[in-house]
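As structure tokens, the structure follows; a few thoughts come after it.
The values are calculated or read from the model by the stated rules, or taken from the named source; none is laboratory data. Worth saying up front: this structure is predicted, and the values here are computed from it rather than measured. Every residue, glycine among them, receives a Cβ derived from its backbone with ideal geometry; neighbour counts consider all protein chains shown. Ligands, DNA and RNA are stripped out before the accessible areas are found, and what is left, the full protein with its side chains, is counted by its heavy atoms. Shrake-Rupley method; radii C 1.70, N 1.55, O 1.52, S 1.80 Å.
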Amino acid sequence: MYCHLDQVLVEFTCKNPKPSLPTEWALCGEREERLEVLKASTFALVIAPGDGQLVASAGCGVRLFEALEVGAIPVVLGDHCKLPYHQLIRWSEAAILVPKPRVTELHFLLRSLSDNDMLAMRRQGRFLWETYFSTSENVLNTILASIRTSIQVPAAPMKDEPANEIPHKAGKLAGTDANLADNGDLDLGPVETEPPYASPRFLRNFTYTAADTYRTWNRAPGPFHLFPHTPLDPVLPSEAKFLGSGTGFRPIGGGSGGSGKEFQGALGGNVPREQFTVVMLTYEREEVLMNSLERLNGLPYLNKVVVVWNSPKPPSEDLLWPDIGLPIVVVRTEKNSLNNRFLPWDVVETEAILSIDDDAHLRHDEIMFGFRVWREARDRIVGFPGRYHAWDINHQSWLYNSNYSCELSMVLTGAAFFHKYYAYLYSYVMPQAIRDMVDEYINCEDIAMNFLVSHITRKPPIKVTSRWTFRCPGCPQALSHDDSHFHERHKCINFFVKVYGYMPLLYTQFRVDSVLFKTRLPHDKTKCFKFI
């Protein structure tokens, strides 16, 4: 029957009814027939068992799973019904639960949903189906994950990638050229004179236990609780008023204000003196690499530098590596692949990874500011070169765009911070088809990482500073200068969308710039500012 502009399908005859409980409606027709109807439907009515003592039944489960499989929004009529893993999954993000006495209001409730809400619910429902219910293996993993969550037993940790180190010899002390460590106009504040403490080794690549629940208070999406390897969900500055001190952001409206020293020391909350690891990918550009390594001399909070040697030809025997006062680990790879940038190397002992190209020029003040921002948004990609995607109406496809824009949806990992957790997901969990395409084009690994993080967090990346590119003017020709580079990136985006089933990238007009450090304010004027 039709109701205004809405088409409602009501069948009064049942073909080949399936056995069911006396208190519920029987399933009609074959599964293929029902799926064809659901594919053309926005909503699917799921009537709970008539017996109030039953919270679930086989027929109710079949209707629910068939709706999720094709992307229809389940409308569960009966508030006594308990959906699978209701204590762990927020079904309100994928289904609509309505008490049976309110059936007369059902049409008005469904009409009140916006297009964006319906799209989000359909995507979430499809995500739940693919992740937890689509195969017997997923069902078994879901059961085991729910049991682990209930009894607080961590899942088996993912493996680190063993680093096959290339021996090398250090040459002269780096930093003789004052311009190498140019800090610009940003005052970093007093730097500790004593040697920095060793950064705690990152071993938390397994499910968080109850001791960490305060970090996910009222923030983690319900379905992610069941992941064998739970996504990060750190305390954000906006939650400081609920969680007390130690978040790194303190109101100073009634005081004299904090200096850069206190701000730098408090940043990171309960992880004092946290460090980061630089992972630098290189291929047969020894002079460029040596110059880039020298510029890292004296960089605060740097734990070590991991050079991913992507060339099959080893470094020159007479090559003298700069002595920057920190370990430089040169890792030999099995093949030339841009995916090697994101391997979770066992020599990376910090949570924070600064992925940087060997020809990217970043000042120390920019790196330090980016690290500070990442410590307050640890689940995001935080970096410098911003890019965005756009829809081509004429060709009905997605485009990659590197022009200056007020919006961005990607931060290139040629100069960006991200958590080591995402290295595990990229290398071991992300679909292999994406890594294969990266190897085929020798391109798009940065786009793939942005897709992955946006898909997991449903948040856009964070760009810091106003600069758009960081290439050195005298470096040899890079892959990105080739005309085919952008055509390949167009193809990558459209292929990744097909793999994910939707476009996970999110636009943002948010950019983080250092204002208080760049603006010289008198001490008696800082009381009028507060962090928000």
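Remarks
- Residue within region 472-488 that is part of a helix (DSSP H, G or I), modelled with pLDDT of 90 or more and over 23 Å from ARG295 (Cβ atoms) present: yes
- Per-region count, region 425-439, residues assigned to a helix (DSSP H, G or I), touching a residue at least 60 places away in the same chain (Cβ under 8 Å) and under 18 Å from the mean Cα position of the chain (by Cα): 7
- Region 330-351 residues that are in contact (Cβ under 8 Å) with a residue 60 or more places away in the chain and part of a strand (DSSP E or B), paired with ones that are open to solvent by 20 Å² or more (accessible area, probe 1.4 Å) and of a type in the set (Asp, Glu) (beta carbon under 6 Å, 6 or more apart): TRP345/GLU161
- Candidates in region 380-421 are the residues that are touching an Asp or Glu at 6+ places or on another chain (Cβ under 6 Å) and not charged (D, E, K, R); of these, the one that is surrounded by the fewest Cβ atoms within 10 Å (Cβ to Cβ) is LEU399.
- Residues satisfying the stated conditions in region 27-56, i.e. among the charged types (D, E, K, R), assigned to a helix (DSSP H, G or I) and over 14 Å from GLY125 (Cα atoms): ARG31, GLU32, GLU33, ARG34, GLU36
- Boolean, GLU36 is more than 35 Å from the chain's Cα centre (by Cα), at pLDDT below 90 and surrounded by fewer than 18 Cβ atoms within 10 Å (Cβ to Cβ): no
- Verdict on THR42 being out of contact with any helix residue (DSSP H, G or I) (no Cβ under 9 Å at 6 or more places or on another chain), surrounded by fewer than 18 Cβ atoms within 10 Å (Cβ to Cβ) and among the β-branched types (Val, Ile, Thr): no
- Meets criteria (open to solvent by 80 Å² or more (accessible area, probe 1.4 Å) and either within 26 Å of ALA48 (Cβ to Cβ) or small (Gly, Ala, Ser) (or both)) for PRO101: yes
- Sole exception among (1) more than 20 Å from ILE356 (Cβ to Cβ); (2) touching a residue at least 24 places away in the same chain (Cβ under 8 Å) for ASN394, by number: (2)
- Test: residue in region 50-62 that is at pLDDT 85 or above, open to solvent by less than 20 Å² (accessible area, probe 1.4 Å) and not hydrophobic (A, V, I, L, M, F, W, C): no
- For region 321-348, a tally of residues being open to solvent by less than 20 Å² (accessible area, probe 1.4 Å) and at positive phi returns 0.
- The set of residues in region 397-418 that are in a loop (DSSP other than H, G, I, E, B) and touching a residue at least 24 places away in the same chain (Cβ under 8 Å) comprises SER402, TYR404, CYS406, GLU407, SER409, LEU412, THR413, GLY414.
- GLY257 being at pLDDT 85 or above, in contact with a helix residue (DSSP H, G or I) (Cβ under 9 Å, 6 or more places away or on another chain) and either part of a helix (DSSP H, G or I) or surrounded by fewer than 21 Cβ atoms within 10 Å (Cβ to Cβ) (or both): no
- Scanning region 274-320 for residues that are among the charged types (D, E, K, R), crowded, with 19+ Cβ neighbours inside 10 Å and in a helix (DSSP H, G or I) yields one hit, GLU294.
- The set of residues in region 353-384 that are under 17 Å from the mean Cα position of the chain (by Cα) and within 15 Å of MET449 (Cβ to Cβ) comprises ILE353, LEU354, SER355, TRP374, ASP379, ARG380, ILE381, VAL382, GLY383, PHE384.
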